[in-house]
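Below you'll find the structure, written out as C-alpha cells, and then a few comments.
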Amino acid sequence: MDTTITAAPAGKRARNGSVILTNRLCERRVPKRVKFYDRKCPGLYVSITTAGVATFSIKFTDPQTGKQRTGWLGLYNPETFTVDDARSKVYGLKGKGGDAIAETFRDRRERQAKRGKTVAEIIEERIDWMKTPVRKADGEMRPRLESWENTASHLRRFIGSKLGRKIAADVTRGDIQALSDDIVAGRHGGKPSVSNARHMRKAASGMFRWALRREYITVNPCSDLEPLDPEHPRTRVLTEDEIRIFWHGLDRDDLMTSWDRRTRLALKFELATMLRSAELLGAHRNELIDLDGEQPRLDVPLKRVKKRRMIQQPLPSLAVEIVKEALKGNNKDFVFASPLDNRPLHRKAMADALRGDRRKGKVRTPGICQLLGLKPFTPHDLRRTAASWARRIGQPMAKIALCLDHRVTTEDGIKLPPVTGKHYVRAEDREVKEKREVLQAWAAELRRIIGTNAEQAEAGLRLVA
C-alpha cells in the first residue's frame, strides 16, 4: 500500500493558502481562523487562531484504513518550536514510514484519551478492580481487596464529592492537601477529623498509584503531603463498676427491648475472649471445637482475621456458657445469627447497639451505653479492657499479645520476627495453652467483678447473666 503523505485537495488549499511557511507568517494576526499548508514539506500545515495561537499539524494517510488523518505536532514558539523544528519533526516521521506515523499518533490519541478521564471515572474503575474476585491463599475466591467497601466509601465520600468532575491528570498535590485540610477542619460537611483525613489520603494514594501504572496520570499528587497531626490513641478501659453495670445490664430485657439478645451476648463474648468483632461475629457452628470437652476453642479462619492467619482461640468456661446460650433455640449455622435470616449479625451490629441509632443529630433509638448511664465506649474498648485487666492481674505481656493476635514481644522487650512463626516454628499447641492460661485467669477475675463464682455455677445459677 502507498504510504506517501499526500497533499489536501487543491481547491481547499487555495482557500486557506499554500505557501512556504515562515516564522513571521506564524506570528500574523488574522480576522478568522486560517490554515496555511507548507510547499516545502507536504503534509505540514499551521493553523492560526484570532487569538494569535499557531499550531503545527500533519496530514497523512493511515495505511490500515486508507483514510486521511491529522496528527498534532505542537504550538509555535519563536524560541522552542519554530517552522524549522516542525519540518524536522515531519521529516523524521516520514523516515519511519506510513505505518510508524499512524502508530505514533494512534498511541498518542490513546494516551490522551486515558489522561482525559475524570477522577469520578477512575474511582469507579478502581472500585471494580478492588472487588474483583481472585483466588486467595486458602483457595477461596474473594475480592482482591477484602476491605474494598471501606476504601470505596472513602473514595466516593471524600474524593469523589470534591474532585469527581476534575480531570485526574489535572489533580495537583495542592488539591489533595486542601481536601485534607478541609476534612481536618470540618469544612468538608462533617465533623473535624484527623482520622478521616488519614483514611482519605490512604485511599487516594492507592488509587493514584494504581492510575499512574495505567498511564491515566503522569504523577501521583499524593506524594510529599504535609504530615498530619498525630492521632491520640484510644485509652478507654472500663472500671470494675462499669464492667458490673454493663454485664448485668445486658440481661435486662425490660431495658434492652430494642437490641437483639444475641447482639448483647456477642458483646459479652468479646469482653470474655479478647477477639475482634469481625472475628467473632461470623463464628460458625463448625468452628467450635470440643465445646463440651476439656479444651474448648474457636477456630477463626484466616479470611476473618485482620492479619490473614488462622486463630485458635481457647474458650474459658464463661465464654462457653455464652456460646451455649446463643445456640439455644437456634437452628441456624451461626453462633451469633441475625434474627432476620441464616446469616451472622452485621459487622456493625455491636457498635450500633452501644452507641444507638441517630439521624440528623437526633437519637431515634437509645444505645446500651445511654440506657445504662455509662460513658460511651466501642466494642474494641471491650477488647482493650480485657487485655488491660489481664495485665493488672499479673499475666505476661507476651501471652496477652498472643490472645490479641498481636506481634509477640517477649518479657525482655525482644520482638519476634513474624517469619519465624510463619515459616519455621509451628507451635500452635503451646500458643493455645498459653492463651488459655491468660483467658482463664481473666475469666476468673471477670466472674469476681460481676459477682459469680464456680460454687454458684454448680448451684445452677446462670453465669452469663
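Looking only at residues in segment 31-60 that are farther than 18 Å from GLY92 by Cβ and hydroxyl-bearing (Ser, Thr, Tyr), the one that is surrounded by the most Cβ atoms within 10 Å (Cβ to Cβ) is TYR37. Among the residues making up segment 316-353, a single one is in a loop (DSSP other than H, G, I, E, B) and among the β-branched types (Val, Ile, Thr): VAL335.
Test LYS268 against the criterion of being in a helix (DSSP H, G or I) and at pLDDT below 95, and give yes or no. No; evaluated as a whole, the condition is false for this residue. Where helices (runs of 4 or more DSSP H) fall entirely within segment 142-222, those with at least 3 residues that are over 29 Å from ARG308 (Cα atoms) are at 173-185.
Taking segment 239-253 as the range and being closer than 13 Å to GLY373 by Cβ and either acidic (Asp, Glu) or crowded, with 20+ Cβ neighbours inside 10 Å (or both) as the test, the residues that pass are ASP241, GLU242, PHE246.
Taken over segment 244-264, the criterion of being in contact (Cβ under 8 Å) with a residue 60 or more places away in the chain and either assigned to a loop (DSSP other than H, G, I, E, B) or outside the structural domain of PRO339 (by TED's automatic domain parsing) (or both) is satisfied by LEU250, ASP251, LEU255, MET256, SER258, TRP259, ASP260. Applying the criterion of being more than 15 Å from the chain's Cα centre (by Cα) and of a type in the set (A, V, I, L, M) to the residues of segment 122-141, the residue that is modelled with the lowest pLDDT is ALA137. Of all residues in segment 237-258, those being of a type in the set (S, T, N, Q) and more than 17 Å from PRO379 (Cα to Cα) number 2.
Evaluating GLU79 against the criteria (1) surrounded by 12 or more Cβ atoms within 10 Å (Cβ to Cβ); (2) modelled with pLDDT of 85 or more leaves one unmet condition, (1). Assigned by TED's automatic domain parsing to the domain that holds CYS369 and outside any loop (DSSP other than H, G, I, E, B): is that true of GLU279 in this structure? It is true that GLU279 is assigned by TED's automatic domain parsing to the domain that holds CYS369 and outside any loop (DSSP other than H, G, I, E, B).
The values are calculated or read from the model by the stated rules, or taken from the named source; none is laboratory data. None of the values given here were measured: they were computed from a predicted structure. Because the Cβ atoms are built from the backbone with ideal geometry, glycine has one as well, and the counts that use them run over all protein chains shown.
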